[in-house]
1. Residue check: is Arg366 closer than 20 Å to Gly291 by Cα, at pLDDT 95 or above and not β-branched (Val, Ile, Thr)?
2. Can you tell me which residue among Glu133, Glu165, Glu152 is free of Cβ contacts under 8 Å to residues at least 12 places away in the same chain, over 30 Å from Ser267 (Cβ atoms) and of a type outside the set (Lys, Arg)?
3. Scan Thr241, Thr251, Thr230 and give me the residue that is in contact with a Ser or Thr (Cβ under 6 Å, 6 or more places away or on another chain) and assigned by the TED database to the domain that holds Val122.
4. Somewhere in region 183-191, is a residue assigned by the TED database to the domain that holds Lys247 and farther than 27 Å from Ile47 by Cβ?
5. Just to verify a result, which residue in region 152-164, among those that are open to solvent by less than 20 Å² (accessible area, probe 1.4 Å) and among the hydrophobic types (A, V, I, L, M, F, W, C), is nearest to Leu243 (Cα to Cα)?
6. If you check Ser280, Ser320, which single one turns out to be of a type in the set (Gly, Ala, Ser), touching a residue at least 40 places away in the same chain (Cβ under 8 Å) and within 22 Å of His45 (Cα to Cα)?
7. Restricting attention to region 296-329, report how many residues are modelled with pLDDT of 95 or more and in a loop (DSSP other than H, G, I, E, B).
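The values are calculated or read from the model by the stated rules, or taken from the named source; none is laboratory data. Model, not experiment: these values are computed from the prediction. Quick reminder, even Gly has a Cβ in these numbers, built from the backbone with ideal geometry, and neighbours come from all protein chains shown. Ligands, DNA and RNA are stripped out before the accessible areas are found, and what is left, the full protein with its side chains, is counted by its heavy atoms. Shrake-Rupley method; radii C 1.70, N 1.55, O 1.52, S 1.80 Å.
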Amino acid sequence: MGSSEERVVAVIMVGGPTKGTRFRPLSLNIPKPLFPLAGQPMVHHPISACKKIPNLAQIYLIGFYEEREFAIYVSSISNELRIPVRYLKEDKPHGSAGGLYNFRDLLMEDSPSHIFLLNCDVCCSFPLPEMLEAHRRYGGMGTILVSKVSAETASEFGELVADPETNELLHYTEKPETFVSDRINCGVYVFTPDIFNAIQGVSTQRKDRANLRRVSSFEALQPVNRSLPTDFVRLDQDILTPLAGKKQLYTYETMDFWEQIKTPGMSLKCSGLYLAQYSSTSPHLLASGDGSKTATISGDVYIHPSAKVHPTAKIGPNVSISANARIGAGARLISCIILDDVEIKENAVVIHAIVGWKSSIGRWSRVQVSNGDG
């Protein structure tokens, strides 16, 4: 274990409005990181997981959204968790590692011994204290959270090979064309500040190569030689791949759930995973009722305190009901997300769907999406 004086900071990459287009139309009305899963904004889940990190000094959100879009949320979550949360807007794309490096002076203000890096569109149990403990045992520069997936889906992610005894990262390749491994990168990392030297090294190499190319104008015109900007550094291709097998990077495998939230359909699945997690982590957030004085609740259900649900309604499993929603008599809700100010009228049925803000579902209507795409 580390010294009690050691400080830790956490960085959550939240993207921007030009990214995550597969999440539309949901992200047209609200920044994707603020879309509710299990009754809480998507970014709330990794933020609340960071709260459990020992000696956490600060949480930073880095993205391309305008600061005003996050101002209210950042203020409220800072007060709720009593941990400083700050939003930092990137001026231009720097890549997943370059974005971290761009704010290195701010991130190092608290002189942290370790820096967590998380992607906002990841859904998992975030075993961050366990990762930190393993990382300290390994003694490397960084530790990557990994998960085992089916061989059929592995190529959609960064595949990796680790030493079965030491957990050292031996090989890493991003979305390979041929099968490499059923272990994938979960998009959750912990690094020592040495990561900044590694990122700077990539930028320096790019500058040196650019200077060499100027010797031959013919070579500079060839497409294969057109390099990325020197300050654009990708964590996967530019850091993980070249440092694999050099006793600098290690892996920590999670046996718990892991998903990536790219589409509306996945948000429905991930909302259900977080609701199920509440039973052990936050049972007070789950609704209950037997139909006598309150609605009949089955399975894991979240109901916002301001929502009005008729006692004869049947809710669950996997249902999240947002602020000021009104659920009428005899309504039946299964595996769905009901957003703010929605009205579900008497005897309506909603199954495997996301009902958008201020929508109204008429009496005896049935809304069902067979493939779960919301």
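1. Working: closer than 20 Å to Gly291 by Cα: no; at pLDDT 95 or above: yes; not β-branched (Val, Ile, Thr): yes.
In short, no.
2. Values: Glu133 fails: free of Cβ contacts under 8 Å to residues at least 12 places away in the same chain; Glu152 fails: over 30 Å from Ser267 (Cβ atoms).
Going through Glu133, Glu165, Glu152 in turn, just one is free of Cβ contacts under 8 Å to residues at least 12 places away in the same chain, over 30 Å from Ser267 (Cβ atoms) and of a type outside the set (Lys, Arg): Glu165.
3. Working: Thr241 fails: in contact with a Ser or Thr (Cβ under 6 Å, 6 or more places away or on another chain); Thr251 fails: in contact with a Ser or Thr (Cβ under 6 Å, 6 or more places away or on another chain).
After applying the criteria, what remains is Thr230.
4. To start, the set of residues in region 183-191 that are assigned by the TED database to the domain that holds Lys247 comprises 183-191.
Keeping just the survivors that are farther than 27 Å from Ile47 by Cβ gives none.
The answer is no; no qualifying residue exists.
5. So the first thing to find is which residues in region 152-164 are open to solvent by less than 20 Å² (accessible area, probe 1.4 Å), and the list is 154, 158-160.
From what is left, the residues that are among the hydrophobic types (A, V, I, L, M, F, W, C) are 154, 160.
Numbers: Ala154: 21, Leu160: 12 Å.
Applying the filter and picking the extreme gives Leu160.
6. Working: Ser280 fails: touching a residue at least 40 places away in the same chain (Cβ under 8 Å).
Ser320 is the lone residue from the list that is of a type in the set (Gly, Ala, Ser), touching a residue at least 40 places away in the same chain (Cβ under 8 Å) and within 22 Å of His45 (Cα to Cα).
7. Of region 296-329, the ones modelled with pLDDT of 95 or more are 296-315, 317-329.
Of the ones still in play, those that are also in a loop (DSSP other than H, G, I, E, B) are 298-300, 304-307, 310-313, 317-318, 322-325, 328-329.
Matching residues across region 296-329 total 19.
Table: residues versus (1) under 28 Å from the mean Cα position of the chain (by Cα); (2) crowded, with 18+ Cβ neighbours inside 10 Å.
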position	(1), (2)
Gln277	yes, yes
Leu286	yes, yes
Ile297	no, yes
Pro311	no, no
Arg326	no, no
His352	yes, yes
Ser359	yes, no
Gly362	no, no
